[in-house]
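The block underneath contains the structure these notes are about, expressed in structure tokens.
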């Protein structure tokens, strides 16, 4: 059995036992969470979401992704700008 879940403006295909990295959620490690924006379950397709469908998950970890370097410059002008960014994420296990 699989489902398509929407969280953090992204869609994920999930099944029981999967481990996902989703956009940061306000939940502590070990907390149980529910995804109620279920777009599809097996052969049922929602319009836009499937009614009375929920996917349960357990929070495994909160963390930051690998650093991404953004480097901007303008040729011949001496303008250089270097910025780093680390995106926050929540790792969950589908139950």
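Suppose R0 equals 25 Å; then what is the FRET efficiency for residue 67 and residue 37 from their Cβ-Cβ distance, rounded to the nearest 0.05? Intermediate values should be presented prior to the final figure.
Details: r = 30 Å, r/R0 = 1.20.
Working from the Cβ atoms, E equals 0.25.
Need the full-extension length gain, residue 75 to residue 9, defined as separation in residues times 0.36 nm minus the C-alpha distance. One decimal, nm.
On the way: separation 66, 0.36 × 66 = 23.76 nm, distance 3.65 nm.
That works out to 20.1 nm of additional length.
When 7, 95, 58, 90 are ordered from fewest to most other Cβ atoms inside 10 Å of their Cβ, what list results?
Neighbour counts put them in this order, fewest first: 95, 58, 7, 90.
Arrange the peptides 80-87, 11-18, 50-57 so that the one whose residues have, on average, the most other Cβ atoms within 10 Å appears first. Please list the in-between numbers first.
Working: 80-87: 9.9, 11-18: 13.5, 50-57: 15.5.
Result, highest mean first: 50-57, 11-18, 80-87.
Normalise the Cα radius of gyration of the range 32-78 by 2.2 N^0.38 Å (N = residues in it) and let me know the number. Intermediate values should be presented prior to the final figure.
Details: Rg = 21.0 Å, N = 47, 2.2 N^0.38 = 9.5 Å.
Dividing the Cα Rg of the range 32-78 by 2.2 N^0.38 Å gives 2.21.
Relative contact order for the range 2-94 using alpha-carbon pairs under 8 Å, separation at least 6, rounded to a whole percent?
On the way: 192 pairs, mean separation 29.5, N = 93.
For the range 2-94, the relative contact order is 32 percent.
Return the Rg/Rh ratio of the chain with Cα-based radii and a Kirkwood Rh.
Working: Rg = 18.3 Å, Rh = 15.4 Å.
Rg divided by Rh gives 1.19.
Bear in mind that the values in this text are calculations on the coordinates, not laboratory data. All of these numbers come straight from a predicted model, not from anything done at the bench. We place every Cβ from the backbone using ideal geometry, glycine too, and count neighbours over all the protein chains shown.
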